[in-house]
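S.K.: Can you read through this structure? Questions will come right after.
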Amino acid sequence: MWMCTFSRRALPALQRSTSAMVCRPLRAWRGPGRAASPPPSRLTWMPLRGQHTLGSAPLPLARHSVRNVRALHEERMMEVEWEDGGHSLYPFTWLRDNCPCPLCTLDSAQARKLLMLDLDVHVGVNAVEVTNDNKVSVSWPDRHASVFDAEWLKKRCFSAAARRALKEELFLNERYHWDSELRVPAADYRDVLRDDKAALDWLSALRRVGVVHLKGAPAERGAVARLAERIGYLRLTFYGHTWQVQDKFMANNVAYTSGKLSLHTDYPALHFAPGVQLLHCISDAEEGGESEMVDGFHAAELLQREDPEAFGTLTSALVDFTDTGTDYCDFMLQSKKSVIEVDADGRVVRINFNNATRDSVLDLPVHQVQPFYRALRAFVDILSRPENMVTYGLTPGNMLTFDNWRLLHSRRSYRSRPDRPRHLEGAYLDWDEVMSRLRILRRSVHGNV
């Protein structure tokens, strides 16, 4: 059984934080034009031109032994020399702050009991030594003692490489950028509900790629709620715990019509927009209704490269979004957000754009209005390029799960069957709950690594 290049190389490479690779679009993810027998992993790529697999690779196991420790009193740090020849430095204050003894830590909650007011931020040490069982012992001036596990210390090394690796392990921030040649990862809905490995593969792909197609759900209401229970709980919004996408009389949202929807993220009118969207097809349209999606991070990267001025405008200007109406209860929302959000390192972390709910209020100096419109149009032009867009149609029982902070999605106009209107049921999750479940599943499947 062959594995695609992504499975054999990309995941292990990602664990080594090779960020250069993940910034390339997934144009190379094309398999041979022949069918293959079903892979061991339940997660595959769609549409099928040969089967591909994407598994959640286990984190590399490593056991680190301490060769020597010494106190650097002038620098107020402890130096650990590892058997592999590496060295790590740990400030005395940080060690005292993280003492794992029962007086300082509530082990059952993995929470600190030591109060900040009781921490001497200029503390020194009396002695440091390696114990017979490969732990590090620290004696403090007040006769308190702390014993640290070697693996625990190694994982929390303050070197740039160690911090980068731990951040990636905890948050899976690296993404696979893609264009129109993406094959949407697909998994079986029932497998995800009952099998931890299948659920872990689903969530890992959802985080890395931004979208996963689940097949085999019952074509009835309630499937999104059952999937959400696999994670934790649904995100309640003003449209309810779940919401029904249908052509409705006096619609309180443009999605509840049969017309074309432009590329958008959901709910930028909320200051904390939902992180993940679940969209389940119960009844499809007689004609039309196909959906389109674009990797917003890939598009933002293209904008930054092709039009840095526009990128700077959309990352700095705060745009007003609004949403007013009645559904689960009445609402009148207002928020201010940049269309492209970046973190302290300039890395794109979120896209906020919904033309339907972009307010007429534009809180900018008048001389910045035209540059803003020029920048927004430049971004929308990139988003709308056919080479950046994936088109798909959902049939009854199929469900699309995707990253609402990253993907923009749209819908073509449609016509329903007279006796069976088009009906999708949707729901939201937040990334905090999704990442929590992903970490728990990773521990369940791969052990406490």
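Just so you know, all these numbers are worked out from the coordinates, no wet-lab data involved. Being a predicted model, the structure only gives us computed values, none of them experimental. Positions of Cβ are backbone-derived with ideal geometry, glycine not excepted, and every protein chain shown enters the neighbour counts.
S.K.: Can you list the aspartates and glutamates whose alpha carbon is less than 13 Å from that of Lys215, not counting same-chain residues fewer than 8 positions off?
M.R.: By straight Cα distance, Lys215 reaches Asp188, Asp191.
S.K.: Around Tyr267, what is the net charge, scoring Lys/Arg as +1 and Asp/Glu as -1 over all other residues with Cβ under 13 Å from its Cβ?
M.R.: Residues near Tyr267 contribute 0 overall.
S.K.: Charges on Cβ only, +1 for Lys and Arg, -1 for Asp and Glu, centred on the Cα centroid of region 66-160; of Leu89, Val136, Trp152, which one is farthest towards the dipole's positive end?
M.R.: Trp152
S.K.: Please state the charge dipole magnitude for the chain, taken about the Cα centre, from unit charges on C-beta atoms (+1 on K and R, -1 on D and E), reported in debye and rounded to the nearest 20.
M.R.: 1200 debye
S.K.: Relative contact order of region 311-445: what whole-number percent is it, with Cα pairs under 8 angstrom and at least 6 residues apart?
M.R.: Across region 311-445, relative contact order equals 19 percent.
S.K.: Additional query: For a Förster distance of 41 Å, can you work out the FRET efficiency between the beta-carbons of Ala160 and Arg226, rounded to the nearest 0.05? List each step's numbers first, then the result.
M.R.: Numbers: r = 43 Å, r/R0 = 1.05.
About 0.45, to the nearest 0.05.
S.K.: Taking 8 Å as the Cα distance limit and 6 or more residues as the minimum spacing, I'd like the relative contact order of region 66-160 as a percentage. Spell out each step's value before the answer.
M.R.: On the way: 148 pairs, mean separation 23.8, N = 95.
Computed value for region 66-160: 25 percent relative contact order.
S.K.: Suppose every K and R has +1 on its Cβ and every D and E has -1 on its Cβ; what is the size of the dipole of region 279-426 about the Cα centre, in Debye to the nearest 20?
M.R.: Around 180 debye, computed over region 279-426.
S.K.: About its Cα centre, what dipole magnitude does region 66-160 give when the only charges are +1 on Lys and Arg Cβ and -1 on Asp and Glu Cβ, stated in debye to the nearest 20?
M.R.: The dipole magnitude comes to about 200 debye.
S.K.: Using θ = phi - 60° and the Karplus relation 6.51 cos²θ - 1.76 cosθ + 1.60, list the HN-Hα couplings for region 413-422 in order, rounded to whole Hz, with x at every Gly or Pro.
M.R.: Along region 413-422, the couplings run 5, 8, 10, 8, 6, x, 9, 8, x, 4 Hz.
S.K.: Per-residue HN-Hα couplings for region 92-100, Karplus 6.51 cos²θ - 1.76 cosθ + 1.60 at θ = phi - 60°, whole Hz, x for Gly and Pro?
M.R.: Working through the residues one at a time gives 4, 4, 5, 4, 5, 5, 10, 4, x Hz.
S.K.: Taking the alpha-carbon centroid of each part, what is the distance from region 175-205 to region 377-444 in angstrom?
M.R.: With region 175-205 and region 377-444 each reduced to a Cα centre, they are spaced 13 Å.
S.K.: Taking 0.36 nm per residue of sequence separation and subtracting the Cα-Cα distance, how much length would be gained by fully extending the chain between Thr131 and Thr322, in nm to one decimal?
M.R.: Residue separation times 0.36 nm, minus the Cα-Cα distance, leaves 62.6 nm.
S.K.: Order of 71-77, 181-187, 216-222, 435-441 by packing, highest average Cβ count within 10 Å first?
M.R.: 181-187, 435-441, 216-222, 71-77
S.K.: Can you tell me the length gained on complete extension of the stretch Tyr233 to Phe249, counting 0.36 nm per residue apart and subtracting the Cα distance?
M.R.: Extra length from Tyr233 to Phe249 when fully extended: 2.7 nm.
S.K.: May I ask you to sort Thr357, Thr322, Thr391 by Cβ crowding, counting other Cβ atoms within 10 Å and putting the fewest first?
M.R.: Thr391, Thr322, Thr357
S.K.: Shape verdict for the chain, please, from the Cα gyration tensor: rounded (a/c under 1.5), prolate (a/b greater than b/c) or oblate. Don't skip to the answer; put the middle values down first.
M.R.: Details: a/c = 2.01, a/b = 1.67, b/c = 1.21.
Prolate, because a/c is 1.5 or more and a/b exceeds b/c.
S.K.: Can you give the FRET efficiency for Phe171 and Arg385, using 1/(1 + (r/R0)^6), R0 = 35 Å, r = Cβ-Cβ distance, to the nearest 0.05?
M.R.: 0.70
S.K.: Toward the positive end of the charge dipole of the chain, about the Cα centre and with charges on Cβ (Lys, Arg +1; Asp, Glu -1), which of Trp243, Pro365, Phe321 goes farthest?
M.R.: Working it through, the farthest residue towards the positive pole turns out to be Trp243.
S.K.: Running a GNM on the chain with Cα contacts under 10 Å, which residue among Asp430, Asp330, Asp142 ends up with the highest mean-square fluctuation?
M.R.: Asp142
S.K.: Could you tell me which residue out of Ala109, Leu72, Val123 lies farthest along the dipole of region 66-160 toward its positive end? Charges go on the beta carbon: Lys and Arg +1, Asp and Glu -1, centred on the Cα centre.
M.R.: Most positive-ward Cα: Ala109.
S.K.: 222 nm [θ] for the chain, helices only, -39500 (n - 2.57) per DSSP H run of 4+, per residue, to 500? Show your work: numbers first, answer last.
M.R.: Numbers: 12 runs with 112 residues, N = 449.
Result for the chain, helices only: -7000 deg cm²/dmol.
S.K.: Between Asp195 and Tyr373, what length in nm is gained on full extension when 0.36 nm per residue of separation is reduced by their alpha carbon distance?
M.R.: The Asp195-Tyr373 span can extend by a further 59.3 nm.
S.K.: How high is the relative contact order of the chain, in percent, with contacts defined as C-alpha pairs under 8 Å that are six or more residues apart?
M.R.: Details: 887 pairs, mean separation 86.1, N = 449.
Relative contact order for the chain comes out at 19 percent.
S.K.: So which lysines can Lys167 reach, going by Cα to Cα under 19 Å and dropping same-chain residues fewer than 8 places off?
M.R.: Lys154, Lys155
S.K.: Have a look at the DSSP beta bridges in the chain and tell me what percent are antiparallel, nearest 5. Mind dumping the intermediate values first?
M.R.: On the way: 72 of 75 bridges.
Counting DSSP beta bridges with both partners in the chain, the antiparallel share is about 95 percent.
S.K.: Could you list which residues have their amide H under 5 Å from that of Met78, counting only those 5 or more apart in sequence or on another chain, with H placed in the peptide plane?
M.R.: Amide H to amide H, under 5 Å and 5 or more residues apart or across chains, Met78 pairs with Leu72, Tyr90, Phe92.
S.K.: For region 284-436, rounded, prolate or oblate, judged on the Cα gyration tensor with a ≥ b ≥ c (square roots of eigenvalues), a/c < 1.5 rounded, else prolate if a/b > b/c? Don't jump to the answer; show the numbers that get you there.
M.R.: Numbers: a/c = 1.73, a/b = 1.52, b/c = 1.14.
Prolate, since a/c reaches 1.5 and a/b exceeds b/c.
S.K.: Now for a different question. Work out from phi, with θ = phi - 60° and the Karplus expression 6.51 cos²θ - 1.76 cosθ + 1.60, the ³J(HN,Hα) of each residue of region 397-412, listed in order in whole Hz, and give x for Gly and Pro.
M.R.: Rounded to whole hertz, the list is x, 9, 9, 9, 10, 8, 7, 6, 7, 10, 7, 9, 10, 9, 9, 7.
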